[in-house]
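The values are calculated or read from the model by the stated rules, or taken from the named source; none is laboratory data. What you see is a predicted model, and the numbers here were worked out from it, not measured in a lab. Here Cβ is always computed from backbone atoms with ideal geometry, including for glycine, and neighbour counts include all displayed protein chains.
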Amino acid sequence: KNQVEQSPQSLIILEGKNCTLQCNYTVSPFSNLRWYKQDTGRGPVSLTIMTFSENTKSNGRYTATLDADTKQSSLHITASQLSDSASYICVVSGSRSGGSYIPTFGRGTSLIVHP
Amino acid sequence: DGGITQSPKYLFRKEGQNVTLSCEQNLNHDAMYWYRQDPGQGLRLIYYSQIVNDFQKGDIAEGYSVSREKKESFPLTVTSAQKNPTAFYLCASKVRDKEAAYGYTFGSGTRLTVV
């Protein structure tokens, strides 16, 4: 069964500090991995996407890494800001016959940044 | 601006009542999806549609129905058969990134509450 596990479930940090969120998956065959940011009461917004051959991708203060051998990904947030307070969701897509892709969603990590 | 519009943002349903959630996109995407989000859980797929006049059940389709008469529109009806409909509902459509991997654009969601 395809699964995506995220840790920690929640995290509280002070403004300006760095943090790292983890994502472990068992999706097979692997197609791509995305990190989404979801503000409270809003839809998720894509931060990064990585395919099998990529092991790091940056988007401003967000840097995602992927180890396809160990099936692990991390999202590192540098110099956190109050606006980073949100849920961060890891989504892993597996490829299917016929060219379709079905994503498996993690439960998310809730990040709270305090001033 | 292109995007997905969900309405209403908040919806209240009485016991035994059917309600319809609207989802409209102007991104010219072929595929559209409905997800349900409950606290502490990952997004769960209700229904999806790859093309007009065709749709498929997801993991939790019981008590829900959809239609896809137009490419731009994918409304979701929550019927009285859905015994626990209180949740946050997200509509999404499929994008193709420049990396040739598939990702999703999400709407802002509808929060449905049974009263």
Task: Selected residue (criterion: modelled with the highest pLDDT) from residues of region B:1-22 that are within 13 Å of B:F88 (Cα to Cα) and among the hydrophobic types (A, V, I, L, M, F, W, C) - done: B:L21
Task: Condition met for B:S73 (more than 10 Å from every other protein chain (Cβ to nearest Cβ) and in contact (Cβ under 8 Å) with a residue 60 or more places away in the chain) - done: no
Open item on the list: Quick test of your reading of the structure: B:G42 fulfils all but one of (1) within 14 Å of chain A (Cβ to nearest Cβ); (2) out of contact with any Gly (no Cβ under 6 Å at 6 or more places or on another chain). Name the failing condition by number.
Closed with: (2)
TODO: Of the conditions (1) crowded, with 17+ Cβ neighbours inside 10 Å; (2) among the polar types (S, T, N, Q); (3) without any contact (Cβ under 8 Å) to a residue 40 or more places away in the chain, A:T109 clears all except one; give me its number.
DONE: (3)
TODO: Looking only at region A:21-37, decide whether some residue is part of a loop (DSSP other than H, G, I, E, B) and at pLDDT 95 or above.
DONE: no
TODO: Just need a number here: residues in region A:38-62 that are outside any strand (DSSP E or B) and free of Cβ contacts under 8 Å to residues at least 24 places away in the same chain.
DONE: 9
TODO: Could you pull out every one of the strands (runs of 3 or more DSSP E) wholly within region A:74-115 that has 2 or more residues that are closer than 15 Å to A:Q22 by Cβ and at pLDDT 95 or above?
DONE: A:86-95, A:109-114
Task: Some residue of region A:70-93 being over 25 Å from B:G109 (Cα atoms) and facing chain B (nearest Cβ under 10 Å) - done: no
